[in-house]
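What follows is a short report on a single structure.
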Amino acid sequence: MSITYFRRLHYSRLPLRCLHTANSEPTSTSTPNLFSDPLFKSKVSELISNQHWSQLKDLIKPFNPTSFLEQLLDSGFDSSSILGFFRWSQFYQIYHHPLEHLCRVLVLLVNDKKYPKVRSLLHDFVKNGKTYTVSSVFHTLLTCSDNVCANSIIVDMLVLSYVNNGKLDLALEAFRRAGDYGFKLSVFSCKPMLKGVVKEGKFEVGELVYKEMIRRRIEVDLYTFNIVINGLCKAGKLNKARDVMEDMKVRGIMPNEVTYNTLIDGYCKRGGDGKMYKADALLREMTEQGVSPNERTYNTLIDGFCKDDNVGAAIKLFKETQLQGMRPDIVTFNSLIDGLFGDGKVDEALGLRAEMIRLGLEPNIRTYNVMINGFSKMKMFREAKELFDDVMKQGLDLNVLTFNTVIDAHSKAGKMEEAVALRELMLSKLICPTISTYNCLLGGYYRDGNVGAAKELLEEMEKKSVMTDLVTYNIRIDAMCKRGESRKAVRLLDEMSEKRLVPSHVTYNILMAGYCQDGNPKAAVTIRKRMEKEGKQPNIVTYNVLIKGFCQKDKLEEANALLNEMLEKGLVPNRITYDIIREEMIDKGFVPDIDGHLYKDTVNC
DNA sequence: TTAGGGTTAG
């Protein structure tokens, strides 16, 4: 039977609605049984296996591709040929086969254990195909196959495809609904899904997924535990993170250096009071458990100490690691240089930069950002500008943080014209300003007392639809308070709420400082109550602000009560507490004891 | 496959 004969036969017999229409939904399946003729079947098979698509296209031109595919599926063709035709017609001819046929092809491939092909087909389906709801895919799959194992493999790979194509919401929905349909997922899909969830900062969801994995008895491996622990640490749920580490041990999976490094980093960044003590205890624990700390462990701790205003401990650890033969890297030096600048030790910071160069480590853009910022914090604006110019000359890839840092340095130096010129420069380099860029400029205008320019900038931000953030409000609130408009500033809290911005400790502390500066510490206490109502406990700055406020009004009993409250809560007084506030109280007749408490000196009074 | 460093507000 010749091809020409077939064409004639089917052109004359097929109803018009059965003819091929690109992008169309299937119409009818009334095509006669094409493969009853062995010659035709063998011709089709040959064309598909040799990928002679143009010839095949001519041959099957009269037929509806969906009907043709259905007949391929019903006629015992091998899975590779069926997949070949499916892919060609679906992705190259842009013909949408019904979901049922996709499911049938998938089941066929899984039964043949052709898993890479299943993955690839699902990838293309998720990436380029029509978007179906998760329930329609699940439902269709069930109507095509009652093989629980095969179906589960397909759904598992579907979830993975959703994740790999950035469709995390669909992946999560599939994960949630899989159990209702009797599909069992594996760690192969759940792990990347968890990773994606944590990367997007959806820590609560990550925790739920983990719990659900345990409940459904999906195997959780070491890497997955580490992802879960990382998510909990980033969410600040350190106790839960530790519980998960204990849980993994119970399940026979021993924590490795990544587990410990993740937890140590969690404590360093979100460990609250005594965080570095806890982080250091974890270092000892890991060594006792036979897990060797590596460069990352020490870098994390060194950075933690630096940010905890304890650069001395950071340097001590740095020297210890060198004695152990560990080589510091660029991360170690960047953290230490930042810490030393923060502690006002400019010479030591510059010495470390020289040391890193001596060791053959080239400063990177982060090193320069840290240094420009360090000079700026020390009010060494000329040095900050010179370093920035030097970096420009070197042709290093400046990024938005470099510009934000140097813009901030200029705005702090009161050089607003140059700060604005730098914003123009960054635009000319196609570096897009961020909200931080605007915040640096805004802060500069307010510091200059140029409320008009600040207002214009805010209007420009509004016009350009730049999303203001928490820091923008803190800057505006601070500026209002400094102008003696604390009551007006409080009203901005409502505006923040409308924009779904949650005031931070800093916001409340600024407001309290404002009221205290106005000579009204009692009003500051009402702000404290509002903050506590929002679930935020006073921190060291809160106490410093309030104590200072009451001191300035000579309400020393109130100030002392707050100091005692702070100590009883285990908050460690900082330099400001000691140097400014406590000294003032001692001057006014209080006597310190060995615990740091103050007592009214009744003898001398 | 998992873990570390840089900007703006008190």
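The values are calculated or read from the model by the stated rules, or taken from the named source; none is laboratory data. This one's a predicted model, so the numbers in the text were calculated from it and none came from an experiment. As a convention, Cβ positions derive from the backbone with ideal geometry for all residues, glycine included, and neighbour counts pool all protein chains shown. These area figures cover heavy atoms from the full protein model, side chains too; ligands, DNA and RNA do not enter into them. Shrake-Rupley method; radii C 1.70, N 1.55, O 1.52, S 1.80 Å.
Below is a table of values for the structure above.
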item	result
Whole-Hz ³J(HN,Hα) from phi, Karplus 6.51 cos²θ - 1.76 cosθ + 1.60, for the range A:216-224, glycine and proline x	7, 6, 7, 4, 10, 8, 4, 4, 5
Approximate spin-label separation A:ASN239-A:LYS127, in nm, with each point projected 7 Å along Cα-to-Cβ	4.6 nm
MRE, 222 nm, helices only [DSSP H, n ≥ 4, -39500 (n - 2.57), over chain A, to nearest 500]	-21500 deg cm²/dmol
Between 0 and 90°, nearest 10: helix A:148-164 axis offset from chain A longest Cα axis	50 degrees
Ranked by how many other beta carbons lie within 10 Å on average, peptides A:538-551, A:98-111, A:449-462, A:273-286 from highest	A:538-551, A:98-111, A:273-286, A:449-462
Segments A:359-371, A:396-408 sorted - mean Cβ within 10 Å per residue, highest first	A:396-408, A:359-371
Portion, in percent, of the accessible area of chain A that falls on carbon or sulfur, probe 1.4 Å	52 percent
Linear extension gain, A:LYS499 paired with A:LEU425, 0.36 nm per residue minus alpha-carbon span	23.5 nm
Relative contact order (%) - criterion: Cα under 8 Å, at least six apart; region: the range A:79-178	29 percent
In sequence order, calculated HN-Hα J values of the range A:33-48 (Karplus, 6.51, -1.76, 1.60; Hz; x Gly/Pro)	5, 6, 9, 5, 8, x, 5, 5, 4, 5, 5, 4, 4, 5, 5, 5
Efficiency of FRET between A:GLU295 and A:MET378 - r from beta-carbon atoms, R0 22 angstrom, step 0.05	0.15
Three-way shape call for chain A based on the alpha-carbon gyration tensor, with the a/c threshold at 1.5	prolate
Amide hydrogen neighbours beyond the local backbone of A:VAL591, cut-off 5 Å, H modeled	A:TYR599, A:LYS600, A:ASP601
Ordering of A:504-516, A:73-85, A:468-480 by packing [mean C-beta count within 10 Å, highest first]	A:504-516, A:468-480, A:73-85
Rounded to the nearest 20 debye, dipole of the range A:186-293 from Cβ charges on Lys, Arg, Asp, Glu	320 debye
Virtual spin-label span in nm between A:GLN55 and A:GLN537, 7 Å along Cα→Cβ	7.9 nm
Nearest-20 debye value, chain A charge dipole, Cβ charges on Lys, Arg, Asp, Glu	1760 debye
Dipole of the range A:186-293 [Lys/Arg +1, Asp/Glu -1 at C-beta], most positive-end residue of A:LEU283, A:THR259, A:MET213	A:MET213
Nearest-0.05 FRET efficiency for A:ILE365 and A:GLU204, computed from C-beta distance (R0 35 Å)	0.55
Gain in span if fully extended, A:ILE357 to A:GLN552, counting 0.36 nm per residue against the direct Cα distance	65.2 nm
Cα-centred dipole magnitude for the range A:406-558, charges only on beta-carbon of K, R (+1) and D, E (-1), debye, nearest 20	360 debye
Anchor A:LYS184: lysines whose Cα lies under 28 Å away (excluding residues fewer than 8 positions away in-chain)	A:LYS113, A:LYS114, A:LYS117, A:LYS127, A:LYS130, A:LYS167, A:LYS195, A:LYS199, A:LYS202, A:LYS211, A:LYS240, A:LYS249
Cα extents of the range A:30-139 along the three principal axes, largest first (Å)	40, 27, 24
Cross-link reach list, aspartates and glutamates versus A:LYS522, counting only Cα pairs under 20 Å and skipping chain neighbours closer than eight places	A:ASP478, A:GLU485, A:GLU532, A:GLU534, A:ASP554, A:GLU557, A:GLU558, A:GLU565, A:GLU584
Heavy atoms of A:ARG483 accessible to a 1.4 Å probe, total area in Å² rounded to 10	100 Å²
Histogram of C-alpha separations across the range A:225-298, 5 Å bin width, %	3, 18, 30, 28, 16, 3, 0
Residue-normalised accessible area of chain A, expressed per residue, 1.4 Å probe, Å²	50 Å²
Karplus (6.51, -1.76, 1.60) ³J(HN,Hα), θ = phi - 60°, over the range A:115-121, in Hz, Gly and Pro reported as x	5, x, 5, 5, 4, 5, 5
